[in-house]
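Chemist: Take this structure, written in structure tokens, and hold onto it; I'll ask about it next.
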Amino acid sequence: MAAPWALPRPRRADGPTPGPRPIPWELLPLIVTVLLLAVPLPSGASGGGGVGPADIASGVLVVCCLARVLRTRARPLSRTAAFVVGAPAAAIAVATVTAVDPTAALPGFVRYLQVFVLVPAAVVLLVRDARDFRAVTGALVVLALVQGAIGVHQYATGTGASYMGEDVRAVGTFGPTDVMGMATVVAYGLLAAAALALRTPPGAPVRLRPAAAGAAVLLVVPLGLSFSRGAWIATAVAALAMLLLAGVRRALTVLAVTAAATVVLVGGLGVGSAMIGDRLDSITRVTDTPDRSVTDRYTMWAAAGSMWRERPLTGVGLKGFPDHRDSHAGIGLSSGSDTAGAGREFLRQPLLSPHNMYLLVLSEQGLIGATAFAGSWAALLVGGVRRLVARRGALDCGLAAVALTLWQTVDFLYADIGGPSTVLTGIVFGLAARWALAPLGEPEPAVTGGGGGAAGPGTGPGGARVPQPGGGDRTAASGAACSVPPSPAGASAAGTAG
């Protein structure tokens, strides 16, 4: 279906005239949750040890979603969607109950439930169509531009986090204790903008594509200045996959433009070229001459594997990795990592996780947790790719969903959850589920009656409601129905395949 701004408007003297449907108020908590991550955080919340504004907003988001479900009395999720989104909940509960210290595991239970179950389910239920989807990805782009601009300023003025003896590492408002925060946000925004540039909706404003492409190119700079090797690798993999899914010819054109822009920004203008080059070289030296951070990571990976072998089925329990680390790690493990800069005093941050999400789940939740989480993420990725290849739905949304999911699954090889930006992980998986588990089409135009007041969506001539499969409605206008694919709240089990 064409975009709402491209739909013809029939002229009727006595009938309803379709107009664009406004973004529902229920979506505002979701957008606010994203944008609140641009707010500077207190020192206690920046390192993952406290609850930030975005976490509070995500709680409001879940409550608003629950209120909507109770108000509409619709079936919340189809069976397939409920199984894919809810599978981690069962594994989290088992890991909590069987933990060595169940009481100490309760905070982890709440955090995992928030990030991997409640927030994704709320996103699935609140995002009704492509316009809602673009509103969320647009918020991601805005957040990325804000954080990226702060990060570039930190590099240029020497007010960033400490890196190689200089305060030049771009970390945005997240501080030196969460160096992956800005890199994650910028990568999300880069991929969302690139998807919109590659598959601009039909009938969109002419300036939308160059604006989206320009935003994606600009975000390359702060991503580079984050000096995060894991984020670079994940972004490269996701961007390449997105380009190939968009078409080979388009992929070659975009790669040429991106390469030229990167040469100008990094090589010609000298934006962090020496440090970025050295950081890139270090990727190829991780096995021959690894630096201290890589050595510590390998040691913690081995410790996670040892914990799993000790309790293979259920693991040591949520939040159990730090307590069992020393008894399983080798003597070469550092006592912590040094952090400083970006307005913070020197702090030696303890190593509380293996910096690999898959190994973290395996060590703390065992095979039960690893199967549930990996299976859920794989189902979202495969389902999203299948729907995108079949060209079903709004393709720009599909590209963004697949790219963001792929980025997250690749980045989990080098990182795990922690810090204020973690709430975005739940939103990304929610967008992926919304695309993969139910049709996502353009919004139905709102209908405004001529001289007789407004007739909202789902009303036919004279205000009659026309039922849709799955409990929705559709508008009958000019003798024809303008149908919108049902959201997961009303999708049938058959509608969730693919």
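The values are calculated or read from the model by the stated rules, or taken from the named source; none is laboratory data. Here the structure is a predicted model, which is why all the values come from computation and not from measurement. Counting neighbours? That spans all protein chains shown, and the Cβs are built from the backbone with ideal geometry, glycine included. The accessibility values were calculated without ligands, DNA or RNA, using every heavy atom of the protein model including side chains. Shrake-Rupley method; radii C 1.70, N 1.55, O 1.52, S 1.80 Å.
Chemist: For LEU218, are the conditions met, namely being touching a residue at least 24 places away in the same chain (Cβ under 8 Å), open to solvent by 60 Å² or more (accessible area, probe 1.4 Å) and under 20 Å from the mean Cα position of the chain (by Cα)?
Modeler: yes
Chemist: Right, another one. So, PRO439, is that one modelled with pLDDT under 95, open to solvent by 10 Å² or more (accessible area, probe 1.4 Å) and not in a helix (DSSP H, G or I) or not?
Modeler: yes
Chemist: Assess whether LEU191 counts as being at pLDDT 90 or above, under 23 Å from MET357 (Cα atoms) and either assigned to a helix (DSSP H, G or I) or of a type in the set (Ser, Thr, Tyr) (or both).
Modeler: Criteria met by LEU191.
Chemist: Further question: Does segment 44-62 contain at least one residue that is among the polar types (S, T, N, Q), at pLDDT 90 or above and open to solvent by 10 Å² or more (accessible area, probe 1.4 Å)?
Modeler: Checked against the condition, which is being among the polar types (S, T, N, Q), at pLDDT 90 or above and open to solvent by 10 Å² or more (accessible area, probe 1.4 Å), segment 44-62 yields no hits at all.
Chemist: Inside segment 126-152, can you point out the residues that are in contact with a Ser or Thr (Cβ under 8 Å, 6 or more places away or on another chain) and open to solvent by 20 Å² or more (accessible area, probe 1.4 Å)?
Modeler: ARG128, ILE150
Chemist: Here is a check on your reading of the model: is PHE116 open to solvent by less than 50 Å² (accessible area, probe 1.4 Å) and modelled with pLDDT of 90 or more?
Modeler: Answer is yes for this residue.
Chemist: How many residues does segment 291-328 hold that are part of a loop (DSSP other than H, G, I, E, B) and open to solvent by 20 Å² or more (accessible area, probe 1.4 Å)?
Modeler: 6
Chemist: If ALA122 satisfies every condition in (1) touching a helix residue (DSSP H, G or I) at 6+ places or on another chain (Cβ under 7 Å); (2) within 22 Å of ALA215 (Cα to Cα); (3) not charged (D, E, K, R) but one, which is the exception?
Modeler: Going through (1) touching a helix residue (DSSP H, G or I) at 6+ places or on another chain (Cβ under 7 Å); (2) within 22 Å of ALA215 (Cα to Cα); (3) not charged (D, E, K, R) one by one, ALA122 breaks only (2).
Chemist: Take segment 380-408 and flag every residue that is open to solvent by 20 Å² or more (accessible area, probe 1.4 Å) and either in a helix (DSSP H, G or I) or in contact with a Ser or Thr (Cβ under 8 Å, 6 or more places away or on another chain) (or both).
Modeler: LEU381, VAL382, VAL385, ARG386, VAL389, LEU395, LEU406 - these are the residues of segment 380-408 that are open to solvent by 20 Å² or more (accessible area, probe 1.4 Å) and either in a helix (DSSP H, G or I) or in contact with a Ser or Thr (Cβ under 8 Å, 6 or more places away or on another chain) (or both).
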